[in-house]
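Encoded as structure tokens, the structure appears first; notes follow it.
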Amino acid sequence: DRKKRSFESRTSVTNHPLARKLFEIMSSKKTNLCVAADVTTSAELISLAEKVGPHICLLKTHIDILTDFSKETVESLKELAATHNFMLFEDRKFGDIGSTVASQYSGGAYNIVDWAELVTVHGLPGDGIIKGLMSAINGRPRGCVLVSEMSSSGALTSQEYVSGCCKIAENHTYFVIGFVSQSNVSSDPRFILLTPGVQLDKSVDGLGQQYVTPRAAVLERGADIIIVGRGIREAEDPEAAAIKYKEEAFSAYLERIEA
Ligand code: 5BU
């Protein structure tokens, strides 16, 4: 059962190199925190990554909200990821036919495949989307996380939709390393569950976002990794906030595997 196993022990059950890398980062840095770096300038992005870098396993970006994106931005991010041992995770939520997502992944202004080891993908189009993305990786180690459920109120992800996403993942384990979820969508220890909508002192944001605490995400919803944006970014001291969220989420994880 996924929820009962340590990240370390799950390293050996997956054959995806990036899932292994992520499990190793989580075990060695003792962190299952992903920060959502939703800022609008490269300077803010780099500065946030410097502050939280030592405390995260993943830095999640929305690269298209930057007003000043350049190649230097991703070069700096890659350097920081290497220095602090975290991975770059672009929350692109690809959602089109295979042919189109292949161009969106490897082309345009962002050339996401070049710098983001992991990306988010919707299962909605069916598994052609996986084949399309795979056609653009050119031998590089890359992977994706399937969005099986969303944190927002009124999300249309039914049980049937979730099980469809699980089937896609099971059939494409050489590319899919896990799910964005709000519940225990899979007990397969190979898959990594990431849960956004996590904040300590808020329950909603007024625009549909719904929050749970790090403990609830890990212990009640089955998250392996918590994704935190404004709870950290808008804190007076983002580094201190990152440490707090990291400790809460990792101790909940330890509690879960020891129970
Ligand atoms: P917040 O500031 O902690 O609310 O940011 C949450 C981040 O996670 C933000 O980047 C969203 O795009 C992302 N997210 C989400 O909130 N809910 C979802 O279901 C998915 C992604 Br998928």
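Here are the numbers for the structure shown:
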quantity	calculated
When residues of the range 61-94 are limited to those that are within 16 Å of the ligand (Cβ to nearest atom) and open to solvent by 10 Å² or more (accessible area, probe 1.4 Å), the one nearest to CYS165 (Cα to Cα)	LYS93
Output for the range 153-182, where each listed residue is of a type in the set (Gly, Ala, Ser), closer than 16 Å to ILE227 by Cβ and open to solvent by less than 40 Å² (accessible area, probe 1.4 Å)	GLY178, SER181
Neighbours by Cβ (under 6 Å, 6+ apart or cross-chain): first from the range 226-253, under 16 Å from LEU194 (Cβ atoms); second open to solvent by 50 Å² or more (accessible area, probe 1.4 Å) and more than 13 Å from the ligand (Cβ to nearest atom)	PHE250/LYS30; ALA252/ARG215; ALA252/LEU219
Residue, surrounded by the most Cβ atoms within 10 Å (Cβ to Cβ), within the range 193-202, restricted to residues that are more than 9 Å from the ligand (Cβ to nearest atom) and more than 15 Å from the chain's Cα centre (by Cα)	LEU200
Residues of the range 203-216 classified as within 15 Å of the ligand (Cβ to nearest atom) and either at pLDDT below 95 or outside any loop (DSSP other than H, G, I, E, B) (or both), total	5
Among the candidates VAL162, VAL176, VAL147, VAL113, residue that is within 16 Å of the ligand (Cβ to nearest atom) and closer than 21 Å to ILE25 by Cβ	VAL176
Any chance VAL228 is touching a strand residue (DSSP E or B) at 6+ places or on another chain (Cβ under 8 Å), open to solvent by 40 Å² or more (accessible area, probe 1.4 Å) and not small (Gly, Ala, Ser)	no
Residue check for VAL218: open to solvent by 60 Å² or more (accessible area, probe 1.4 Å) and not hydroxyl-bearing (Ser, Thr, Tyr)	no
Some residue of the range 251-258 being under 28 Å from GLU44 (Cβ atoms) and open to solvent by less than 70 Å² (accessible area, probe 1.4 Å)	no
Selection count where residues are open to solvent by 10 Å² or more (accessible area, probe 1.4 Å), more than 13 Å from the ligand (Cβ to nearest atom) and within 15 Å of GLY229 (Cβ to Cβ), scope the range 40-60	3
From ARG142, ARG190, ARG233, residue being surrounded by 14 or more Cβ atoms within 10 Å (Cβ to Cβ), charged (D, E, K, R) and either near the ligand (Cβ under 10 Å from one of its atoms) or over 20 Å from LEU18 (Cα atoms) (or both)	ARG233
Residue check for SER6: more than 30 Å from SER186 (Cβ to Cβ) and either at pLDDT 95 or above or under 16 Å from the mean Cα position of the chain (by Cα) (or both)	no
Of residues in the range 24-39 being in contact (Cβ under 8 Å) with a residue 40 or more places away in the chain and part of a helix (DSSP H, G or I), the one surrounded by the most Cβ atoms within 10 Å (Cβ to Cβ)	MET26
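The values are calculated or read from the model by the stated rules, or taken from the named source; none is laboratory data. Since we're looking at a predicted model, the values are computed, not measured. Methodologically, a virtual Cβ is constructed for each residue, glycine included, from the backbone with ideal geometry; neighbour enumeration extends over all protein chains shown. Each accessible area value is taken on the protein alone, full model and side chains, heavy atoms only, with ligands, DNA and RNA left out. Shrake-Rupley method; radii C 1.70, N 1.55, O 1.52, S 1.80 Å.
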